[in-house]
1. Quick one: which of 32, 61, 51, 28 is exposed (fewer than 14 other Cβ atoms within 10 Å of the Cβ), of a type in the set (Gly, Ala, Ser) and modelled with pLDDT under 75?
2. Do we have residue 74 as assigned to a helix (DSSP H, G or I) and at pLDDT 85 or above here?
3. Go through segment 95-124 and give me each residue that's among the aromatic types (Phe, Trp, Tyr) and either touching an Asp or Glu at 6+ places or on another chain (Cβ under 6 Å) or at pLDDT 90 or above (or both).
4. Check segment 95-106 and report whether any residue there is more than 30 Å from residue 66 (Cα to Cα) and either assigned to a loop (DSSP other than H, G, I, E, B) or in contact with a strand residue (DSSP E or B) (Cβ under 7 Å, 6 or more places away or on another chain) (or both).
Amino acid sequence: MDIKENYRIMTNQQLLQIAEEDFNHLTSEAKSALHAELEKRKINPTNSENSIPFLLTTLISLSQLPKDTLAYILEQKEKGQPSIFIIGGLLERGYEEETAVQLMNELPNYIQNKIKETSNFILTGILLFTAGISIKMLPLSKESHLAIIILANVLLGLGTIRLFHGFLNKKRFTIIIKNILAEKSTSE
């Protein structure tokens, strides 16, 4: 019987006990299998009173972070805080030093990807807005083409929201990447 099958047949209480008491002694394969089974059952061992920060020790990517932790990292970087300061904050939140350092090392690539995503957001906003304007320019009577006129207004609204959201996020991520590059240049 493999480890995944073993975890699959265990009770929730047994899985929690392993996560809380034996987690540090498991192999990486066993940790991954345990994490997957707990996720599948929607069990979070950090909810119990004396649990170890299970999810915090198994994270390998910024995209897996809880939203509040990711927001903390981004806000601190946007303010120009050095990585060592942010790592200290992550340690206070229960992250292992190795994980915190890994997350900070991943930050430049993460931000570059977010800048690309916001560029796509802006582009789709422009396309939606343009489609809305194009439809509004058609010679349609309000009575017979009400649905099309409503669609045009919706496209204008969605396009505007996406543009606004995209420009705000792009500005924020650009500030963060500049702060990361400034920190790198001063440390070299």
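The values are calculated or read from the model by the stated rules, or taken from the named source; none is laboratory data. These numbers were taken from a predicted model, which means no experiment stands behind them. Cβ placement follows ideal geometry from the backbone for every residue including glycine, while neighbour counts extend to all protein chains displayed.
1. From the options 32, 61, 51, 28, the qualifying one is 28.
2. Values: assigned to a helix (DSSP H, G or I): yes; at pLDDT 85 or above: yes.
When the stated conditions are applied, residue 74 passes them.
3. Listed by number, the residues that qualify are 110, 121.
4. At the first step, the residues of segment 95-106 found to be more than 30 Å from residue 66 (Cα to Cα) are none.
No - not one qualifying residue is present in segment 95-106.
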